[in-house]
Structure formats: structure tokens, C-alpha cells
Amino acid sequence: MAILVTGGAGYIGSVVVEDLRKNGEEVLVLDNLSYGHKQAVDKNVTFYEGNIGDEKLVSQILKQHEIQACMHFSAFAYVGESVENPKIYYENNVGQTLRLLNVLIENNIKKFVFSSTCATYGEPQKVPIDETHPQHPTNPYGWSKFMVERILESYDAAYGLKFVALRYFNACGATRKCGEDHDPETHLIPLVLFAAQGKLPFISIFGDDYPTLDGTAIRDYIHIADLSQAHLLALEHLRQNKNSEFINLGNGQGFSVKEVIETARKITGRNIEVKIAPRRLGDPSRLVADAKKARQVLGWKPRFPDLESIIESAWAWHLANPNGYD
Ligand code: UDP
């Protein structure tokens, strides 16, 4: 039986597709390539180009294959854009997901792994953040993921949909084959590496007046390979007919923007110019996961929790692919 992976050509989805295949799973990818890269998906994987909310297309895929579970990655994920244009975030991340879910339920496919986010918590009231922390997102992107979480709960209660919603902290790093190639790129680690490569003259530090040791914001960075493994464990969890769960994915350790830049200097051996810029709107000072539940419920053990391994892997990918996937 196959696994349907939506957004399988994206940054996280493509790594999970790689790992599923290594485990001998049959994988089908559905991606509209609005942000994904066809080159990130192995030629031997059955690939459907289209929208997840295209009920006709999804029904047709479900008729042609025997599908056991769906892993749903495809979503828009730019916080700033979501504030400026919430319509497309609610339509794409909520509306289309709802249509996908309805077709799955109609076809009796009731195992669902969902990419959620720590952005559903909003401004933290306490750190580290565990799964019981109140959720009050501070932008439409976070709300769109929050809404899907509530839909999943209702569908579990009414239709017996079993899901694992994984709340990602800061996904980063690369495997040998798959890396981070967003257009536009807004994330700290790839931008720092662009500065190291000379593709950017400097990296802006968004705020050095946060109430942290060095004044810069702290995040919980998680290696994409570890993140991917958690999805495989979530699938196993569902196969064992266990309960639906919301689970944080982070390392439980925070690093400041300055620590990230310093580590990148050490690993690349290159000069990285910095400029202090104003804080980015809506950026909390400190986001760190309490990641115990992933270990307890899924048996997840991150292999690359240190910042060095994460940046080393990203640097290797950027050196090997100086123009990303193009
Ligand atoms: N950041 C920064 N300069 C940049 C990009 C990001 O100082 O050019 C900071 C950002 O303000 C945040 C951290 O780096 O504190 C991580 O940002 P990123 O966009 O990678 O992930 P986010 O935490 O926003 O999801």
C-alpha cells in the first residue's frame, strides 16, 4: 500500500520521500510545484502535478492506487506574506486541505500526518514550550495551521480520522541530495551561508536588543534528517492504531542568531559580515521546544542535535548546489 505525500517536492517533503523510499515504502507525490522543485524528487517516484484541493485529481489518484496514509506537507509558509495577503493562506492552507481531507475520508483513508508549526503557539508565555502551552498565533500563517489542527480533531471525533500533527520548530540543514532552496529565501541559516559564499554582501541581524544573553533572538534548530525520521515514526504510530497526537519537533535547545553566525564562520572558514537591523515584526525573542513528548510517544531520537552538524550539512549542500536546484 502506498503513502500519498503532498508537497513532496518541497524542502521537508522531499527528504521524507527519500527516507520513505529507503524504508521500502511505495510513495506517490502530489505537488503543484508553486514552491517545490521537481528535481528534488527521484525520477522513479510517481509524481502528480496539481493542487491538493483538486477533488477530481485526488479522487483519480486514490482510484488508481491503494493508499494507506497521507503525509501532508504542502502549504504556503511565509509569515510576512501571510500578514499582507491572508486570503491566499486561508484558501491554500485551510481551504485546500479541507477538500483534500474530505476526499480522503470519502475513500476511507484515515491515517494522516500533518506538518504543523510552533507558530501555532504565538508569543510564548513560558519556555520551553510543551504541547499544552496555550495556542494564540500572531499571524495568519500560524492561524491557518491552527485551524487545520482543529479540523483534524473534529474529523477524528466524527469520522475516526487518526492523525499525528507535528509542530515543527526551526527546520534546517540538508541531506546529501536534498537541501533548502526557497525563493525568496528568508531563513537565517541559508542566508548566513549565502553571505559566506559571497552571494550576499552581509547578513542582517534582526534585533540585538532582545532580553537574551547576547541580545539576539533564540530559536530551536532541528536537522531536516531528524525531522524526517519523526514522520516515519508518526506513520508507524498510526499503523499501530494508536491515538491522534500533537507533537513538538525540536531539540529542546536554543541558539541565538549570533551563535548561528559564529558557528557558520567556524565551519565555512569564511568571513561573514553582519549588520544590525531593526527587529522583524512579530518575531518572539525565544522559541524553544519541550521535545520530551516526541521521544516518549514516538521513540524519536535526534541524531544531529548540535548546531555544527546542522550547519555543516547545509554548507555541504550549498557548495555542491551553488544555484540551488536550478
Ligand atoms: N533572522 C535574522 N536575519 C535574517 C533572517 C532571520 O536575524 O536575515 C533571525 C530571525 O529574526 C529569527 C531567527 O533569525 O530570530 C530565525 O529566523 P528564520 O526566518 O530562519 O526562522 P523563524 O524563526 O522566523 O521561523
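Per residue, segment 58-129 exposes 42 Å² of accessible surface when a 1.4 Å probe is rolled over the protein heavy atoms with every protein chain present. A convex hull fitted around the alpha carbon atoms of segment 212-326 yields 153 Å³ per residue.
Here the chain is assigned +1 on the Cβ of each Lys and Arg and -1 on the Cβ of each Asp and Glu. Its dipole about the Cα centre then comes out at about 460 debye.
Per residue, the accessible area of segment 196-235 comes to 34 Å², computed with a 1.4 Å probe over protein heavy atoms only. Computed over the chain, the per-residue total of -39500 (n - 2.57) for DSSP H runs of n ≥ 4 gives a 222 nm mean residue ellipticity of -11000 deg cm²/dmol, rounded to 500. Multiplying the residue separation of Ser59 and Ile276 by 0.36 nm and removing their Cα-Cα distance gives an extension gain of 73.0 nm.
Each Cα pair under 8 Å and six or more residues apart adds its separation to the average, and for the chain the resulting relative contact order is 19 percent. Enumerate the residues in segment 41-85 having an amide nitrogen under 14 Å from the point lying 7 Å beyond the Cα of Lys177 toward its Cβ. Residues 41-47 qualify, since their backbone N sits under 14 Å from the label point.
Considering only Gly142, Gly179, Gly282, the mean-square fluctuation computed in a Gaussian network model of the chain, springs between alpha carbons under 10 angstrom, is largest for Gly282. For the chain, the antiparallel share of DSSP beta bridges with both residues in that region comes to about 5%. Taking a temperature of 25 °C and a viscosity of 0.890 mPa s, what whole-number D in µm²/s does Stokes-Einstein yield for segment 153-239 with Rh from Kirkwood over alpha carbon pairs? Value of D from the Cα-based Kirkwood radius: 152 µm²/s. Comparing Ala69, Ala225, Ala158 in a Gaussian network model of the chain (Cα springs below 10 Å), the most mobile by mean-square fluctuation is Ala158. For the chain, hydrophobic long helices are taken as DSSP H runs at least 18 Å long by C-alpha position along their axis with mean Kyte-Doolittle hydropathy of -0.5 or more; these are 140-159, 224-239, 307-320.
Where the alpha-carbon atoms of segment 6-60 are placed on the principal axes, they occupy 30, 22, 17 Å, in descending order. The distance separating the Cα centre of segment 146-193 from that of segment 234-276 comes to 12 Å.
The ellipsoid equivalent to the alpha-carbon distribution of segment 45-126 has semi-axes of 27, 15, 11 angstrom, derived from the gyration tensor eigenvalues as √(5λ) and listed largest first. Under a Gaussian network description of the chain, with springs only between Cα atoms under 10 Å, the residue in Pro184, Pro284, Pro137 that fluctuates furthest is Pro184. When segment 164-208 is described by a simple charge dipole with +1 on each Lys and Arg Cβ and -1 on each Asp and Glu Cβ, the residue from Ala171, Pro190, Phe206 located farthest towards its positive end is Ala171. Extension gain, Lys87-Asp130: 0.36 nm per intervening residue step, less the Cα-Cα distance, totals 12.5 nm. Rolling a 1.4 angstrom probe over segment 1-140 with all protein chains present gives an accessible area of which 47% lies on carbon and sulfur atoms. Ligands, DNA and RNA left out, the 1.4 Å accessible surface of segment 264-326 is 51% carbon and sulfur atoms.
Pairs from the table (Lys43/Lys177; Lys56/Lys162; Lys63/Lys242; Lys22/Lys43; Lys162/Lys293; Lys111/Lys145) lying more than 22 angstrom apart at Cα are Lys56/Lys162; Lys63/Lys242.
With the gyration tensor restricted to C-alpha atoms of the chain, the semi-axes of the equivalent ellipsoid amount to 31, 22, 18 Å, longest first.
The values are calculated or read from the model by the stated rules, or taken from the named source; none is laboratory data. Just so it is clear, the structure is predicted and the values come from calculations on it, not from any experiment. Virtual Cβ from ideal backbone geometry, glycine too; neighbours counted across all protein chains shown. What goes into the accessible areas is simple: the full protein's heavy atoms, side chains included, and nothing from ligands, DNA or RNA. Shrake-Rupley method; radii C 1.70, N 1.55, O 1.52, S 1.80 Å.
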